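The values are calculated or read from the model by the stated rules, or taken from the named source; none is laboratory data. Worth saying up front: this structure is predicted, and the values here are computed from it rather than measured. Counting neighbours? That spans all protein chains shown, and the Cβs are built from the backbone with ideal geometry, glycine included. Quick note on the areas: whole protein, heavy atoms, side chains included, nothing else; ligands and nucleic acids left out. Shrake-Rupley method; radii C 1.70, N 1.55, O 1.52, S 1.80 Å.
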Amino acid sequence: MPLILLDDPDSTLSMLRDSVAGLAARADGPATMRRRRADGADLDAAVWSAMAEAGFLGLTLPEDLGGMGLGTAELVVLAEALGRALLTEAYTPLAVFPGALLAGLTRSAALMQLAEGLIAGEQILPVLWQDARGRRAPLTLSAEGTLTGEAHLVPGAASATGFLVLAQDADGLALVHLDAGADGLRLHQRPGVDGATLARVTLHAVPVSAAQVLGRGATVEAALTNAIGLSRLALAAELAGLASRALEITVEYTSNRVQFGKTIASFQAIQHRLVDMWSEAEFSCAAVAHAATTTAEDRAQAVLAAKARAGDAATSITRKAIQLHGAMGFTDQCDIGLYLKRAISLNATLGQPEALRLAFLDADLAA
């Protein structure tokens with residue numbers, strides 16, 4: 001079955017896959033997803049702690065921040081395995097994205113403390129930076145030191161110990177750390193399509209001290225660009241893993257479902273559909289592998305292509321998988337529907353395929 005294939009001379013990637021498989025055996029991704037949805041929670045604390053203990057939360061953070069200092073290949077394999085296991089904790093937005101922001105800034109005692117807490121799973125740091133359409137939110141830091149504005153699409157807000165806020169000030173973009181209980185900060189939560197809770201966070205003249213400003217100007221802009229690229233790569237890998245596993249589940253089901261005295265997988269029309277799904281999954285895995293291993297100069301465009309390809313593949317494969325499961329595929333008791341909901345959510349995060357392809361073309365024309 002499709003798999004993101006990368007060179008693994010020291011078996012690090014194999015060990016990562018085995019580690020996620022062990023966690024999945026204990027956590028049961030679909031059951032955890034249903035339980036969190038029923039509870040109206042935005043994070044499963046037990047699963048998040050287990051991910052921290054396994055070292056997943058600090059996988060790509062540099063060693064001087066207490067992380068493992070691993071690269072894009074390791075990140076891709078980990079994210080792919082999370083997708084296959086349907087472990088739906090917000091790994092990319094709550095570990096990869098804030099971690100990359102912190103890693104790109106000048107080291108300070110406050111920053112080091114936040115990074116150490118993030119790696120240990122003790123600091124939950126959603127980033128406030130998007131509006132309702134996924135564009136940069138109009139958050140402002142005044143000369144008097146107050147934050148004002150509104151951010152949308154915020155995961156893990158109810159479980160947050162603090163927030164990282166990307167706000168405009170007189171010198172450009174600033175990254176600010178806020179405590180979760182800061183005066184003037186309000187949460188408005190609603191469930192997402194996959195049951196995960198997303199929040200709208202409003203800031204009304206929230207006071208900010210100089211010590212809470214972690215970085216300013218071009219350094220923050222560069223850190224944000226890197227964080228977006230790394231997060232899109234992780235999302236692409238998770239989508240590819242999710243698509244591949246949905247295909248496997250469907251092949252297994254059609255190979256056992258008997259109709260008119262034969263398994264439905266023996267019907268030519270079903271075989272054609274399964275081959276189409278297999279092709280989509282293979283191409284998405286190949287696109288992600290290319291993005292993870294290409295040169296730094298070409299990586300930005302390769303990531304855009306990989307996220308678009310994997311997003312399209314995951315939503316297409318999971319929709320076809322539900323159809324091939326028949327009426328039971330539409331029931332909540334059937335896991336395949338959860339794969340579709342997760343695919344829709346991840347596909348929309350950090351850019352739909354159409355927007356990413358347009359960004360790819362813009363970058364190509366500008367080159």
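I'd like to compare 74-84, 314-324: which one has the highest average count of other Cβ atoms within 10 Å, and what's the full order after that? Before the final figure, lay out each step's value.
Values: 74-84: 26.7, 314-324: 22.0.
Put in order of decreasing packing, that is 74-84, 314-324.
Can you grab the distance from the C-alpha centre of region 324-352 to the C-alpha centre of region 77-121, Å, no decimals?
25
Ordered by residue, what ³J(HN,Hα) values in Hz, to whole numbers, does region 152-160 give under the Karplus form 6.51 cos²θ - 1.76 cosθ + 1.60, where θ = phi - 60° and Gly and Pro are x?
Result, rounded to whole Hz: 10, 6, 9, x, x, 5, 5, 8, 5.
Starting from the Cα of K341, draw a straight line to each of the lysines and keep only those under 16 Å, dropping any in the same chain fewer than 8 residues away.
K320
Could you tell me which helices of the chain pass both thresholds, a Cα extent of 27 Å or more along their own axis and a mean Kyte-Doolittle hydropathy of at least -0.5, with helices taken as whole DSSP H runs?
Span-like helices in the chain: 218-256, 268-293, 296-325.
Say the dipole of region 227-367 comes from +1 at the beta carbon of Lys and Arg and -1 at that of Asp and Glu; which of I249, T349, A327 then lies farthest toward its positive end?
Of the listed residues, the answer is A327.
Can you give me the Rg/Rh ratio for the chain, using Cα atoms for both radii and the Kirkwood formula for Rh?
0.99
Over region 1-65, what percent of the accessible surface lies on carbon and sulfur atoms, probe 1.4 Å? Write out the running numbers ahead of the final one.
On the way: 1660 of 3220 Å².
For region 1-65, the apolar C and S fraction of the accessible surface comes to 52 percent.
Which residue, V193, V258, V96, tops the fluctuation ranking in a GNM of the chain built on C-alpha contacts under 10 Å?
In this elastic network of the chain, the residue with the biggest mean-square fluctuation among V193, V258, V96 is V258.
Using only the Cα atoms of region 43-85, construct the convex hull and provide its projected area averaged over every direction, in square nanometres to one decimal.
With every direction weighted equally, the projected area is 3.2 nm².
Have a look at A313, A52, A170 and tell me which one the Gaussian network model of the chain (Cα, springs below 10 Å) gives the largest fluctuation.
Looking only at A313, A52, A170, the largest GNM fluctuation is found for A170.
Report, to one decimal in Å, the Kirkwood hydrodynamic radius for region 101-197 based on all distinct Cα pairs.
Hydrodynamic radius (Kirkwood, Cα only) of region 101-197 equals 14.3 Å.
If the elastic network links every pair of Cα atoms under 10 Å, which of A151, A306, A210 fluctuates the most in the Gaussian network model of the chain?
A210
A115: net charge of surrounding residues, Cβ under 14 Å, Lys/Arg +1, Asp/Glu -1, itself excluded?
After counting each charged neighbour, the total is -3.
Taking a ≥ b ≥ c as the square roots of the eigenvalues of the Cα gyration tensor of region 1-78, is the shape rounded (a/c under 1.5), prolate (a/b larger than b/c) or oblate?
Cα axes put region 1-78 in the oblate bin.
Near L13, within a Cβ-to-Cβ distance under 15 Å, what is the net charge of the other residues, with Lys and Arg +1 and Asp and Glu -1?
-4
May I ask for the equivalent-ellipsoid semi-axes of region 229-367, computed as the square root of five times each C-alpha gyration tensor eigenvalue and listed largest first in whole Å?
32, 14, 11
Keeping all protein chains in place, calculate the accessible area per residue for the chain (probe 1.4 angstrom), answer in Å². Each step should come with its number before you reach the end.
Details: 15890 Å² over 367 residues.
I get 43 Å² per residue for the chain.
Nearest 20 debye, what's the magnitude of the dipole of region 97-157 about its Cα centre given +1 on Lys and Arg Cβ and -1 on Asp and Glu Cβ?
Once rounded to the nearest 20, the dipole reads 240 debye.
Is there a quick way to get the dipole size of the chain? I mean about its Cα centre, with the Cβ of Lys and Arg at +1 and of Asp and Glu at -1; what is the value in debye to the nearest 20?
So the magnitude is around 1240 debye.
So for the chain: antiparallel DSSP bridges make up what percent, rounded to the nearest 5?
Numbers: 30 of 33 bridges.
Of those bridges, close to 90 percent are antiparallel.
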